[in-house]
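Here is the structure we will look at.
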Amino acid sequence: MSDPLAGSPTEATTPAPDYPMPRATGCPFDPPPALKAMQRKGPVTRVRTFDGNTPWLVTGHADLRALSLDPKISADNTLPGYPQTVPSDGEDALSFIVMDNPEHARLRRMVTAPFTAKKMEKLRPSVQRIVDGLIDDMLAGPTPVDLVEVFALPVPSLVICELLGVPYSDHQFFRENTHIIARRSSSPEDRTSALATLTDYLGDLMGQKLAHPADDLLSGLVPRVQAGELTRQEAAQMGVLLLLAGHETSANMIALGALALMEHPEQLAQLRESDDPTFIAAAVEELLRYLTVVQDRPRVAREDIEIGGQLVRAGEGLFLSYDMANRDPEKFPDPDRLDLRRDARRHVAFGHGAHQCLGHTLARIELQVVFGTLHRRIPTLEVATQLEKLPFKHDALIYGVHELPVTW
């Protein structure tokens, strides 16, 4: 009798498709048709990465959520079989996101307290002031203007700088380096150099906090460093992770979300005309599901595990495709349609389980304020060029648009 978990003859003879695939094919908001075809075949499929390896791509919503909770699946990038979508020299890891418990939990706990829902909610008035101030500046200036440069990037940058205790005057410096880290075309040497540059910067800043602590997140790590629970280098690496995650993902969501709404005027009208916080929050969840700017995360199997009827052997790599899980028709009917009244709360745009994005509550508040304010205050906001002329981030680990010229 054949082993039902051993894989099909088709899999053994059909070459695995190259991965990752450019997202913008026709509609820049939809996953590539080839990924959709793979999802229709089953929730887990082989793909081929640049180095010739053939990890598994998990596209099913239920399977992805289950794997995110399974200790047989590891985030440890030092394990054999851990897959890569870009060349790496092994020196560009970002703190605890590439660790397993108990070390992951130990380090993450040190920065969890400032990100509680209650504390994040207290930042809403500050976020509102930042958003209103940037919109005031936009309205006072000429058009067209690049929404990425004057609004999408400054909003989360100002917020995360204030939260961490990083001088916003240095935002251009860390923006340039985080772009290098997030760009797929960056060489391993350039990516490692940019990470080291940011780590040195945060290390120096941490030294200042040790001497003169203030009321910010980095200063909150001072007692941990002084007690020997955390090295200064580890504290600096945490700062880099939070700085990168705190502005790069939200900035891309703001620009891409604004574009998606302008390209769906009937949906935009519902949002622009509503002052119901519950509806605005639900609309943000649907935008997160629909756009999914962080498209996947690599993992590796510690033990043999069955996924969707397929046996994945210990040491084999996987990509958890948040992008495709959020377009799984078994979970979200008509998934390629943007529907702001959809119940999208179980999306996985922030991941799931122990490695769920630490700043998801902050990101939600930023997006709720942005999309509850921007199009209401500038009701005639529109794209100032043709959609096909926009430079989308095919080359980035976090999807978005490089520039978004708008007018009103």
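The values are calculated or read from the model by the stated rules, or taken from the named source; none is laboratory data. Note that this is a predicted model, so its numbers are computed, not measured. Because the Cβ atoms are built from the backbone with ideal geometry, glycine has one as well, and the counts that use them run over all protein chains shown. SASA here: full protein model, heavy atoms, side chains in, ligands and nucleic acids out. Shrake-Rupley method; radii C 1.70, N 1.55, O 1.52, S 1.80 Å.
Observations
- Cβ-Cβ under 9 Å pairs, at least 6 apart or on other chains, the range 28-43 side part of a helix (DSSP H, G or I), far side basic (Lys, Arg): Leu35/Arg23; Leu35/Arg327; Lys36/Arg327; Gln39/Arg327
- The set of residues from the range 345-375 being more than 17 Å from the chain's Cα centre (by Cα), of a type in the set (Val, Ile, Thr) and either under 17 Å from Ser68 (Cβ atoms) or surrounded by fewer than 23 Cβ atoms within 10 Å (Cβ to Cβ) (or both) comprises just one member, Thr373.
- Of all residues in the range 114-155 being assigned to a loop (DSSP other than H, G, I, E, B) and within 22 Å of Met262 (Cβ to Cβ), the one that is least open to solvent (accessible area, probe 1.4 Å): Leu153
- When the range 166-191 is limited to residues that are under 16 Å from the mean Cα position of the chain (by Cα) and open to solvent by 50 Å² or more (accessible area, probe 1.4 Å), the one that is nearest to Gly239 (Cα to Cα) turns out to be His179.
- Within the range 351-371, residues that are farther than 16 Å from Arg129 by Cβ and of a type in the set (Gly, Ala, Ser) reach partners that are open to solvent by less than 10 Å² (accessible area, probe 1.4 Å) and not in a helix (DSSP H, G or I) with beta carbons closer than 9 Å, at six or more positions or on different chains, in the pairs Gly351/Leu320; Ala354/Ala75.
- Checking each residue in the range 63-88 for being more than 16 Å from Tyr322 (Cα to Cα) and free of Cβ contacts under 8 Å to residues at least 40 places away in the same chain picks out only Thr78.
- Across the range 228-273, the number of residues qualifying as touching a residue at least 12 places away in the same chain (Cβ under 8 Å) and assigned to a loop (DSSP other than H, G, I, E, B) comes to 4.
- Pairing each residue of the range 309-325 that is β-branched (Val, Ile, Thr) with any residue that is buried (at least 21 other Cβ atoms within 10 Å of the Cβ), provided the two are 6+ apart or on different chains, yields C-beta distances under 7 Å for Val312/Trp56; Val312/Ala301; Val312/Leu318.
- Selection of the range 251-295 for residues being over 11 Å from Phe371 (Cβ atoms), buried (at least 18 other Cβ atoms within 10 Å of the Cβ) and among the β-branched types (Val, Ile, Thr) yields Thr292, Val293, Val294.
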